[in-house]
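The values are calculated or read from the model by the stated rules, or taken from the named source; none is laboratory data. Predicted, not measured: the structure shown is a model, and the values here were computed from it. Every residue, glycine among them, receives a Cβ derived from its backbone with ideal geometry; neighbour counts consider all protein chains shown. SASA here: full protein model, heavy atoms, side chains in, ligands and nucleic acids out. Shrake-Rupley method; radii C 1.70, N 1.55, O 1.52, S 1.80 Å.
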Amino acid sequence: MQDFEKLGVFYLGKEYDLEEKRLKDELILYKSKDLTTHAVIIGMTGSGKTGLGIGIIEEAAIDNIPVIAIDPKGDLGNLALTFPQLRGEDFLPWVNVHEAANKGLSAEEYANNQAELWRKGLSEWGQDEKRIERLRNAADVRIYTPGGSAGLGVSLLRSFNAPPREIINDKDAYRDRVDITTNSLLSLLGFNADPFTSREYILISNIFEHTWSKGQNLDLPELISAIQKPPMDKIGVMDVDSFYPSKDRFSLAMMLNSLLASPGFKAWLEGDPMDINRFMYDKDGRPTVSIFSITHLSDSERMFFVTMLLNEVLSWVRSQPGTGSLRAILYMDELFGYLPPIANPPSKAPLLTLLKQARAYGLGLVLSTQNPGDLDYKALSNAGTWFIGRLQTERDKERVLAGLEGAAAAGKFDRARTEQILAGLGQRIFYLHSVHNDEPVIFSTRWVLSYLSGPLTRDQISSLTSAETVTEKVQTPYDNIPQKQDIDTLNENRTESSKSTPPVLPPQIKQVYLPATGMDPKNIVYVPSVIGAADVLYSNAKLGVSVSKNYTLLAPLHDGPIPLDWSEAEQIEINLRDLDSGPVEGAHYANFPDAASNARSYEDWKKLLNQFIRTNLSLKLLFSPALKTLSEPGEDERDFRIRLQHLAHERRDDAMEEIRKKYSSKLDQLEERHRRAKQAVEQKNAMAAQRKVEAAVSAGTALLGALLGRKTISATSVSRIGTAVRSTSRAFKSGQEISGAVETLQSIEAQIQELQLELEQQLEKISANYNMLEEKLESVEIRAISGNITVHFMGLAWVPKEK
């Protein structure tokens with residue numbers, strides 16, 4: 001397996017001969033990059049569809065590709081059942097005791113049998129315990145149960161937050177966000193809303209649009225209040241009350257309030273926020289497999305959650321830079337009901353958008369179903385790969401054939417031959433049609449690494465998940481602000497002795513007042529501090545860095561010889577324009593040291609701030625020696641490693657493409673020379689020629705298949721080159737009076753061996769810098785010079801405190 005583990009391919013199984021009903025030696029290695037054009041898995045119950053899906057997710061995890069999986073049936077939780085030691089006691093908690101009893105076995109005996117079955121199955125497919133260990137170490141498996149308590153919870157409050165400014169400024173993306181959020185919420189209430197005629201839809205969508213356009217968030221209580229008292233006066237050209245009377249709005253608000261007050265709805269508000277980045281990567285930046293088990297939900301609740309999740313995925317996709325490599329996978333284990341051909345459930349719009357747009361950003365959709373009759377095949381024509389298993393009815397076959405024909409588009413599609421193939425498919429046998437391959441392939445799925453125990457029960461899911469949330473606190477993006485003392489503590493004594501009148505200061509001293517939001521004016525005491533604002537340019541020509549940052553620092557004042565120390569300052573998030581120019585009426589003022597009333601002090605403090613920034617506020621970045629890449633300002637190590645991992649995938653894919661281009665013409669020439677040599681040999685000796693032809697075809701197929709993509713890659717391609725060369729040599733030894741042909745083809749053999757060596761060296765080089773998660777990153781510190789520091793404000797800041 002080491003020949004392909006790091007080369008961006010998924011080991012899915014082996015080719016299968018339908019006529020002879022046997023496995024072939026060729027392995028099916030699916031290029032991960034091809035999954036950016038999406039995939040569809042179709043097969044009836046018992047076809048092996050779930051095993052194929054789990055195999056794809058396992059391969060993605062091993063390749064450090066994160067996966068979000070929607071699981072309506074409860075089967076995907078089996079991905080958490082990985083037992084590297086293959087011991088019976090590991091299998092014991094998960095075996096079906098009823099099945100064991102039916103076989104006349106105790107649970108322990110049956111568990112031992114299952115462990116041995118898995119060991120044997122893995123061995124037959126060229127796998128072992130080490131590959132299970134690698135899968136287990138590559139990615140965590142998390143099982144979420146939204147609206148339930150068995151697994152990890154998911155809070156939907158964040159889904160009503162205002163989208164990023166980039167989404168708001170994109171009219172199409174913003175309209176999609178408003179539409180999808182409104183539809184999903186109304187579906188939970190039982191409405192099948194029409195955007196043009198539904199008053200409920202028009203009202204709620206206008207509330208979302210009005211609130212979000214101001215950058216304000218909404219939660220359910222606020223939405224209920226906004227329905228009763230809309231924040232806008234008109235909808236279209238009509239008054240709100242004329243369009244939707246207050247009494248009717250109250251009824252809608254009551255429906256939402258009843259939903260919110262329902263004891264069962266509390267589970268929807270607890271758990272991890274709907275943050276796609278956190279679902280895809282852990283706190284260290286390692287990829288995760290996040291499974292959303294929704295078996296326990298009603299149909300309306302499933303539609304609500306799936307639509308909200310797809311909405312968040314769509315927003316995440318639009319925030320990513322473009323790429324041609326696979327960045328992540330969205331897997332859906334049962335598509336039925338979410339993408340019908342005629343109806344328009346809330347889930348359909350985001351699915352259609354993802355099928356059309358996600359490929360440009362590296363998200364691959366894998367959509368699986370056992371109900372092929374009720375799917376929008378026009379939409380699925382966007383999928384570049386189709387895995388077709390055994391189908392139940394002739395109608396299903398006709399629907400699938402029509403879908404395949406649409407997906408083939410301008411490519412070749414032999415309908416009659418395909419229909420014949422589909423009729424002969426058995427369990428775990430799939431028809432693979434890909435726009436990236438010249439012709440379809442029949443294959444049998446490999447043995448999965450995870451133990452397939454069947455749908456997990458509530459108790460089993462609970463035992464696999466922690467009661468604690470896995471959400472990590474997001475660090476602030478400032479690079480290295482020193483630890484500050486609490487200004488409240490430093491000025492505690494100042495609030496005890498205060499005056500009711502503001503002090504008289506020289507006009508040269510600029511005074512500002514921090515907002516006293518929510519405070520009682522009678523209890524406010526303004527405590528003096530020094531505020532400084534500076535623009536800083538960090539520049540390093542050698543590293544190609546030129547970054548501008550602004551700092552607003554607030555430092556406490558002290559009595560004594562050193563009235564101000566910038567190392568005690570805290571950085572505050574406030575725009576100078578938002579500061580008040582005057583105090584709140586009725587407030588008191590704390591005492592301050594004499595230095596604060598001296599205008600010259602502020603000039604000195606300005607110089608000290610410049611020095612403090614030069615010395616203490618350097619720009620700290622991380623550097624990857626392997627990829628020669630710097631982190632972005634404000635990018636923490638987790639996000640940097642995530643970016644490095646995908647960059648490594650991109651460079652790996654590019655390197656594989658370069659190899660293909662490099663060897664393409666050489667292999668074409670070798671193939672042609674083989675053909676000519678074959679003709680020469682045929683004229684000399686028929687028997688020798690037959691053996692010669694077989695050897696030549698063997699070598700040519702191995703190389704061309706692996707490098708030129710003329711058929712699905714074979715894992716044994718590289719090793720078969722050497723086998724083919726040896727076979728050719730033996731064939732020539734049996735020939736008589738064909739020394740010229742021997743010399744010619746021996747020359748070709750030497751060239752094949754040379755190409756093989758070059759190929760192996762190239763593959764080793766590509767693999768060397770593969771795992772960026774283990775790389776030791778270097779720290780880079782850039783300090784600003786005085787000429788690049790501009791302190792544009794220095795003054796006295798009055799900070800409101802309550803007595």
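Worth pointing out:
- Partners for Lys499 among lysines (Cα-Cα distance below 24 Å; same-chain residues under 8 apart left out): Lys510, Lys522, Lys801, Lys803
- Solvent-accessible surface of segment 500-569, averaged per residue with a 1.4 angstrom probe and all protein chains in place: 48 square angstrom.
- Ordering of 415-426, 83-94 by packing [mean C-beta count within 10 Å, highest first]: 83-94, 415-426
- Around the amide H of Thr445, modelled in the peptide plane, lie the amide H atoms of Phe430, all under 5 Å away and 5 or more residues distant in sequence or on another chain.
- Within segment 234-369, antiparallel bridges make up roughly 40 percent of the DSSP beta bridges whose residues both belong there.
- Accessible surface of segment 184-318 [probe 1.4 Å, protein heavy atoms]: carbon and sulfur percent: 50
- Were the residues from Ile562 through Glu222 laid out at 0.36 nm apart, the gain over their Cα-Cα distance would be 117.5 nm.
- Normalised per residue, the accessible area of segment 18-176 is 40 Å², obtained with a 1.4 Å probe and no contribution from ligands, DNA or RNA.
- Accessible area of segment 394-442 belonging to carbon and sulfur atoms, whole % at 1.4 Å probe: 45
- Using the Cβ of Ser315 as centre and a radius below 10 Å, the other residues enclosed give a net charge of -1, where K and R count +1 and D and E count -1.
- Accessible area of segment 18-173 belonging to carbon and sulfur atoms, whole % at 1.4 Å probe: 46
- Loop-located GluC sites (Glu not before Pro) in segment 492-588 whose Cβ has at most 13 other Cβ within 10 Å (DSSP): Glu492, Glu573, Glu585
- Placing a label point 7 Å from the Cα of Asn169 along the Cα-to-Cβ direction, the residues of segment 525-551 whose backbone N falls under 18 Å from that point are 548.
- Positive contributions from Lys and Arg (+1) and negative ones from Asp and Glu (-1), summed over other residues with Cβ under 15 Å from the Cβ of Ser187, come out at -3.
- Difference of contour (0.36 nm per residue) and Cα-Cα distance, Asn344 to Arg600: 85.1 nm
- Sequence ranges 217-228, 373-384, 160-171, ranked by mean other-Cβ count within 10 angstrom, highest first: 373-384, 217-228, 160-171
- Electrostatic dipole magnitude of segment 303-460 [Cβ: Lys, Arg +1; Asp, Glu -1; Cα centre; debye, to 20]: 240
- Amide N of segment 189-228 lying under 11 Å from the label point, which is placed 7 angstrom from the Cα of Ser300 along Cα→Cβ: 189-192
- Accessible surface computed residue by residue for segment 341-470, with neighbouring protein chains in place and a 1.4 Å probe, gives 44 Å² per residue.
- Formal net charge of residues neighbouring Thr790 (Cβ-Cβ distance under 11 Å; K, R +1; D, E -1): 0
- Positive-end extreme of charge dipole, segment 99-241 - chosen from Asn102, Leu189, Leu156 (charges on Cβ): Leu156
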